[in-house]
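A short worksheet on the structure shown next.
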Amino acid sequence: MKQAILTPIFVGILACWSAISVIAEDRYQFFTWEITKGTIFPLGVPQEGILINGQFPGPTIEAITNDNIVVNVINKLDDKFLITWSGIKQRRTSWQDGVLGTNCPIPPNTNWTYKFQVKDQIGTYTYFPTTKIHKAAGAFGGFNIAQRSVIDTPYVIPDGEFTLLVGDWYKTNHKILRRLLDLGKSLPFPDALLINGQKDVAVFTGEAGKTYKFRVSNVGLATSINFRIQGHKLKLIEVEGAHTLQETYESLDIHVGQSMTVLVTLDESIGDYYIVTSSRFIDPILTTTATLRYSGSNSKASGQLPIGPTDVDWSIKQARTIRLNLTANAARPNPQGSFHYGTIPILRTLQLANSKSIVNGKLRYAVNGISHINPSTPLKLADWFNIPGIFDLNTIKDVPSFSGNSAKLGTSVIGIPHSYGGLMPFRLNKFACAPGSCRGGGLKLCYFEFLRLDALHSLGKLKVLKGEFKRWG
């Protein structure tokens, strides 16, 4: 009799436990993206672009901390294709990173489904293609991660937000650009800058007296940009997924691959105001605009465009003013482990130096004398199955040789044990990275702490399979 009574109670407890487990699981978002060629008109003339579900730029992913993201990418191009999720840490899913070091490219007329979690992350990010300079034709987009409602933010919640994808653009077909690079030549001078795939067209509308979050990312190929808004201040609140001390700026330099989040209060007279981006470190300067429109405005933006900086030192000095807000709440309450930087002992220091040289008739860039070549087998697979001859653990030394700028080709990997703390000083030699940019000699040492690297290897081109970096100095 007792057993008959206990059985339904036990079953009921199991049912309740199962229900709680289902409820507790983090949200899933599912996407199906078809990658196709199409005609686009970013500069008013037709050119071939790469579209995601017919869109250029691609759709923006709006996520919340800890969301599970599932993206089925169907490649309808005649090229192999990959997408990377820039800035996403890929904790325990480094094989979803979408670069040739960790993934095989998606062949034409096939698909690959990316599955990963944005674990303990907030901030402004992007995604873009990583094969055959497809990025020069499109297939990039925004990736925003909002903070969970249970976590306080170190600023007043804004009244709305806008995503701005800014970058250089070429009329030249991406296949021709790739051919130029394969011949050992540099990229040509860009034709223009774009904001959300347009030049001098985009409009962002808000109400007077309210504050808006602007998520700004540089999705270009080679050109740093300066961002500013006529008559308005920029309060920097987040860089690369980390809250910052809330300094106010007239303008901000944003380099290729970087993302910044600012708050802008519409505290001027009702009207239209220029949003301006201009190129940095190249001559002549390229400029494009968008419009910040107050609701009820009947006037077009007018007056002189706000002038941006023109020298390199200004950018370096500004970068030194950006500091992490160490007292702000992180993406999760009571963060532990990798967030406790001060408790991790420094056991090893690797000094890395960049250089350039001609190798086999082509201009190559190198780190510690090694110019990276993509492996025939993704490094994760080669490591897991112990496939010999794919990469070399001993090519890059802890201290580089500073004699000359010679380089050799190789797939180099730095072996780092699990939960290992260390420093990576990066010696940056100045040279022309793009037409007219970074001219002159000199160097600067930047320091990177690598903390809790949860994979055995990082790539020779400084792509970490799984880990976190903090910059100082």
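Structure above, values below:
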item: The stretch 296-312, residues that are under 32 Å from the mean Cα position of the chain (by Cα) and in contact (Cβ under 8 Å) with a residue 12 or more places away in the chain; result: A301, L305, P306, G308, P309, T310, V312
item: Some residue of the stretch 302-313 being modelled with pLDDT under 85 and in a loop (DSSP other than H, G, I, E, B); result: no
item: Single residue of L187, L221, L180, L194 found to be touching a Pro at 6+ places or on another chain (Cβ under 8 Å) and free of Cβ contacts under 8 Å to residues at least 24 places away in the same chain; result: L180
item: The stretch 149-172: number of residues that are exposed (fewer than 14 other Cβ atoms within 10 Å of the Cβ) and either over 25 Å from N196 (Cβ atoms) or in contact (Cβ under 8 Å) with a residue 24 or more places away in the chain (or both); result: 6
item: Subset of the stretch 68-92 [surrounded by fewer than 20 Cβ atoms within 10 Å (Cβ to Cβ) and in a loop (DSSP other than H, G, I, E, B)]; result: K76, D78, D79, K80, R91, R92
item: Flag if D267 is in contact with a Lys or Arg (Cβ under 9 Å, 6 or more places away or on another chain), charged (D, E, K, R) and not in a strand (DSSP E or B); result: yes
item: Qualifying residue in the stretch 96-112 (condition: among the hydroxyl-bearing types (S, T, Y), surrounded by 21 or more Cβ atoms within 10 Å (Cβ to Cβ) and assigned to a strand (DSSP E or B)); result: no
item: Residues (at positive phi and surrounded by fewer than 17 Cβ atoms within 10 Å (Cβ to Cβ)) located in the stretch 362-394; result: N386, G389
item: Which listed residue is outside the structural domain of P190 (by TED's automatic domain parsing) and at pLDDT 60 or above, from L445, L379, L428; result: L379
item: Counted residues, the stretch 275-295 - those being surrounded by fewer than 17 Cβ atoms within 10 Å (Cβ to Cβ) and either in contact (Cβ under 8 Å) with a residue 40 or more places away in the chain or in a strand (DSSP E or B) (or both); result: 2
item: Test for L177: is it aliphatic (A, V, I, L, M) and within 23 Å of the chain's Cα centre (by Cα); result: yes
item: All positions within the stretch 198-214 that are surrounded by 19 or more Cβ atoms within 10 Å (Cβ to Cβ), more than 14 Å from Y274 (Cα to Cα) and basic (K, R); result: K213
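The values are calculated or read from the model by the stated rules, or taken from the named source; none is laboratory data. Only a predicted model underlies this, so the values are computations on that prediction, with no experimental measurement involved. Here the Cβ is made from the backbone with ideal geometry for all residues, glycine too, and neighbour counts use every protein chain on show.
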